[in-house]
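Each value in this text was obtained by applying a stated rule to the coordinates, not by laboratory testing. In this text the structure is predicted, and so the values were computed from the model without any measurement. So basically every Cβ, Gly included, is an ideal-geometry build from the backbone, and we count neighbours across all protein chains shown.
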Amino acid sequence: MQTPCNKEEGSSMQPSSSSRRPKGTGRKKIEIKKIENKFSRKVTFTKRRKGLFKKTDKFCQLTDSEIAVIVFSNKGRLFSYGYPSVEHVVNRFLGEQCDDQLDPFSPEEVLEEEDDMSSQLSRICMHARW
């Protein structure tokens, strides 16, 4: 019995020439440069921002990840998208950054290490007296 994943002998992985798309179809490549017309630039910004947020939402749904996107327009207006929220993701990011830079040990670990060192020091002092 043949499973859908198995290919038959002699079959090709290449699609037939009739199922290939003719050359020249597909999305037209555009040159990436600043849009000089202010109205066109504003429209493009709005459309692409919406597209970016839509892709971000889909990314979160597919990967069950936490994400934040922050965009400022050329006029300084703030637009953001976040899952579960922008604030949650930013606070988590900043918290982890601060924790990594300050001290990698928890307070409990520091106290435990201090107790171990104190007991070692006591033993050393006792041996030094004999």
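Applying the criterion of being of a type in the set (S, T, N, Q) and exposed (fewer than 10 other Cβ atoms within 10 Å of the Cβ) to the residues of the stretch 34-73, the residue that is nearest to the chain's Cα centre (by Cα) is T63. Sort out which residues of the stretch 74-86 are exposed (fewer than 13 other Cβ atoms within 10 Å of the Cβ), without any contact (Cβ under 8 Å) to a residue 24 or more places away in the chain and within 25 Å of the chain's Cα centre (by Cα), and write them in order of number. Listed by number, the residues that qualify are G76, R77, L78, P84. Pairs are defined by a Cβ separation below 6 Å, a sequence spacing of at least 6 or placement on different chains, a first member in the stretch 42-70 that is touching a residue at least 12 places away in the same chain (Cβ under 8 Å) and in a strand (DSSP E or B), and a second member that is of a type in the set (A, V, I, L, M) and surrounded by 14 or more Cβ atoms within 10 Å (Cβ to Cβ); the pairs so defined are A68/V86; A68/V89; A68/V90.
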